[in-house]
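The values are calculated or read from the model by the stated rules, or taken from the named source; none is laboratory data. Small disclaimer: the values here were computed from a predicted structure and weren't measured. Note that each Cβ is placed from the backbone with ideal geometry, even for glycine, and that neighbours are counted across all protein chains shown.
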Amino acid sequence: MPLSQVTVKAPATTANLGPGFDVFGLALEQPSDKVTIIPISRGVKIEVTGLSAATIPTAPEKNTAGIVANQMLKEFSLKAGVFIKIEKGILPRMGLGSSAASAAAVAYGLNLMFALKLDNKQLIRLAAKGEVASAGSEHADNVSAAICGDFIIIKSYNPIEIVNLKSPPEMEVCVAFPHMTTPSNKTKKARSAVSKLVPIDKLVHNVGKAAAMASGFATGDVDLIGESMSDAVVEPARAFLIPGYEQVKENALKAGACGVAVSGAGPAMISIVNKKKADASKVASVMKTGFESAGLKATAFATRPGKGVRLLELE
């Protein structure tokens, strides 16, 4: 028999971190979503509250959580339905893994509710299917970070293989995003801006930076991580979608950030800060000013790398 209720917390995530398109992901300590799953007789029902709840579809086939739930009910022949209550603490369509948090939470929660005994790779495979609703395709960078926590590298998509590395204790992350309307298919649109053909010199640049960043996480070198946040392929093609992009980047680096990049498909931007060398709250503040220089209101805050989805309540 399934449990009567499972409540989990899923973190915001940032993907790419510059050179790691569809390969790098990082979980954040804040913000997060709270998801409660209750078994019902049949079907999937979804209720959404919290930030921009009215803009999030509740039809299961159009909601990341609903797609994952339907897949798992079918794949594991579960003789029940589920009612999913999503409390959004992660603002949708900002590039902070809002859809991934919902997908990861449901995969993790249903695994507990029905005692499926799935490992992280299986959970990632299932959660990635939910990203079709927001991105138009399965991609695992955000959901992997949301499930595993800290820094992840997607080693392979078929089959799913990941490397999970701890973040250095002195590493802080500044997040800033403009208050602007983004389309419901924002991620899909941003992906379409990326060229399918990459010049060899840009490929070499990105491989070098990505390798250096992975090395930075492996050795605990915050400065090397930040210095490696340079993308010659994806970010230049998307920068025009983000008002204030150049000013945000310049402000953060002047205030002591080790590196700056667009968070996922944007428009949020992140910077990495070594707390031994700079004040993350000041970096966040000047990133906010950078967006405001483009005539937009903005939100900015400092946080840290975070843990993956976790259980809050079990009944």
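Quick rundown of the values:
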item: Residue in segment 268-275 that is in contact with a helix residue (DSSP H, G or I) (Cβ under 7 Å, 6 or more places away or on another chain) and under 19 Å from V194 (Cβ atoms) present; result: yes
item: Only listed residue being surrounded by fewer than 24 Cβ atoms within 10 Å (Cβ to Cβ) and at pLDDT below 95, chosen from E227, E246, E292, E315; result: E315
item: Residues of segment 46-77 classified as among the basic types (K, R) and in contact with a helix residue (DSSP H, G or I) (Cβ under 8 Å, 6 or more places away or on another chain), total; result: 1
item: Odd one out for F177 among (1) assigned by TED's automatic domain parsing to the domain that holds G18; (2) of a type outside the set (A, V, I, L, M); (3) closer than 23 Å to I270 by Cα; result: (1)
item: Given (1) crowded, with 17+ Cβ neighbours inside 10 Å; (2) within 19 Å of P11 (Cα to Cα); (3) of a type outside the set (F, W, Y), number of the condition P60 does not satisfy; result: (2)
item: Segment 1-26, residues that are in contact (Cβ under 8 Å) with a residue 60 or more places away in the chain, out of contact with any Phe, Trp or Tyr (no Cβ under 7 Å at 6 or more places or on another chain) and of a type in the set (A, V, I, L, M); result: L3, V6, A10, A12, V23
item: Flag if S195 is farther than 23 Å from I124 by Cβ and in contact with a His (Cβ under 9 Å, 6 or more places away or on another chain); result: no
item: Test result for L118, buried (at least 16 other Cβ atoms within 10 Å of the Cβ), assigned by TED's automatic domain parsing to the domain that holds I90 and assigned to a helix (DSSP H, G or I); result: no
item: Single residue of G89, G136 found to be surrounded by fewer than 24 Cβ atoms within 10 Å (Cβ to Cβ), assigned by TED's automatic domain parsing to the domain that holds G20 and at pLDDT below 95; result: G136
item: Filter result for P31 (in the same structural domain as A107 (by TED's automatic domain parsing), more than 18 Å from A146 (Cα to Cα) and part of a strand (DSSP E or B)); result: no
